[in-house]
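**Student:** This is the structure I have questions about; it appears just below.
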Amino acid sequence: MPNTIYTIAGLASLSALAGIICLYRAWLHTGVQPVRRWLGWALMGVSAGGWSSVVGVEYGISIATLIVILGVFVVIALNGDWPSGPLRQDKQRATASAAPRATYVIGLRGIARCLVVVILPAVSGVSAGLLFFGVANLVDSSRLIGAGFVAIAVWTLAVVWCCADRKLLRPSAALVLFSAASGLYLLPAA
C-alpha cells in the first residue's frame with residue numbers, strides 16, 4: 001500500500017510538470033494551439049486529483065499548486081531573458097518646463113496602477129469567497145475551506161489580469177462590477 005501512494009504522488013508530480021511544459025510550449029509558439037493549452041491545464045488538474053487521492057482534498061490541491069508554482073519558477077529562471085552587463089545610461093537632454101509635470105503625472109499613474117493591482121483583486125477575491133460561502137449547500141467546514149480556495153484563486157487571477165492588461169480600465173471595471181454584484185446578491189441573505 002505505501003508503494004502505491006508514492007507511485008500516485010510521483011505520477012501526480014510528473015503530471016504537473018508535464019502540464020507546465022505543455023503550457024510553456026503552447027505560449028512560446030505563435031498561433032493558436034488549443035490542444036497543448038488544454039492538455040497542460042488538464043494535466044495540472046490530474047495532478048491535483050492524484051495528490052488529493054493520496055493526502056486528501058485540502059492538502060492535495062495545496063501540494064499540487066505548490067508543485068506548479070515551483071515548476072513555473074524553475075522554468076522562468078532557466079529560460080528567462082536576463083539582461084547581462086550594466087544598464088545603458090541615456091544622455092541627459094535639456095528639459096523643458098513640462099518635464100516635471102510629465103514626471104508627476106507618470107508617478108501618479110504608477111501609484112494608481114499599484115493601488116488598483118493591490119486593492120481591487122483583494123476585494124474581488126474576498127467577494128468571491130463570501131459568495132461561495134453564502135451560496136454553497138455544504139457543511140460549514142467544507143464551505144469555509146472552499147471559500148478560502150475560491151478567494152485565493154480569484155485574487156491570483158485578478159492580479160495576473162490587472163498586471164497583464166495594457167488598459168487598466170477593463171479589469172478595473174470588471175472587478176468592481178463583480179464585487180458590487182456579489183455584494184448585492186449576498187445583501188438579502190444577511
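Here, each number is a calculation from the coordinates, and none is a lab measurement. The structure presented is a predicted model; accordingly, all values stated were derived computationally and were not measured. We place every Cβ from the backbone using ideal geometry, glycine too, and count neighbours over all the protein chains shown.
**Student:** Extending each Cα 7 Å along its Cβ direction at residue 136 and residue 21, get the distance between those two points in nm, one decimal.
**Tutor:** 3.4
**Student:** Something else now. What spacing in nm lies between the two simple spin-label points modelled at residue 122 and residue 169, each 7 Å away from Cα in the Cβ direction?
**Tutor:** 2.7
**Student:** Related question: May I ask you to derive the relative contact order of region 114-186, considering only C-alpha pairs under 8 Å and at least 6 residues apart, and to give it as an integer percent?
**Tutor:** With pairs under 8 Å counted, the relative contact order is 43 percent.
**Student:** What length, rounded to one decimal in nm, is gained on full extension from residue 29 through to residue 186, with 0.36 nm per residue of separation minus their alpha-carbon distance?
**Tutor:** Gain on extension, residue 29 to residue 186, equals 52.2 nm.
**Student:** Given (i) 0.96; (ii) 1.03; (iii) 1.08, which label gives Rg/Rh (Cα atoms, Kirkwood Rh) as computed from the coordinates?
**Tutor:** Computing Rg/Rh (Cα atoms, Kirkwood Rh) and matching it to (i) 0.96; (ii) 1.03; (iii) 1.08 gives (iii).
**Student:** Still on this structure, please answer the following. If packing is taken as the mean number of other Cβ atoms within 10 Å per residue, what is the order of 167-174, 147-154, 121-128, highest first?
**Tutor:** Packing proxy ranking, top to bottom: 121-128, 147-154, 167-174.
**Student:** Follow-up question, since we're still on this one. Any idea what the relative contact order of the chain is, in percent, if you count C-alpha pairs under 8 Å spaced at least 6 apart?
**Tutor:** Contact order relative to length: 15 percent.
**Student:** Using 0.36 nm per residue, how much length does the chain from residue 160 to residue 79 gain when fully extended, once their Cα-Cα distance is taken away?
**Tutor:** Stretched out fully, the residue 160 to residue 79 stretch lengthens by 27.2 nm.
**Student:** Here's a follow-up. When the Karplus curve 6.51 cos²θ - 1.76 cosθ + 1.60 is applied with θ = phi - 60°, which whole-Hz ³J(HN,Hα) does each residue of region 20-26 get, with x for Gly and Pro?
**Tutor:** 5, 5, 4, 5, 4, 5, 5
**Student:** Another question about this same structure. Helix-derived [θ] at 222 nm for the chain: sum -39500 (n - 2.57) over DSSP H runs of at least 4, divide by residue count, nearest 500?
**Tutor:** Helix contribution divided over all residues of the chain: -28500 deg cm²/dmol.
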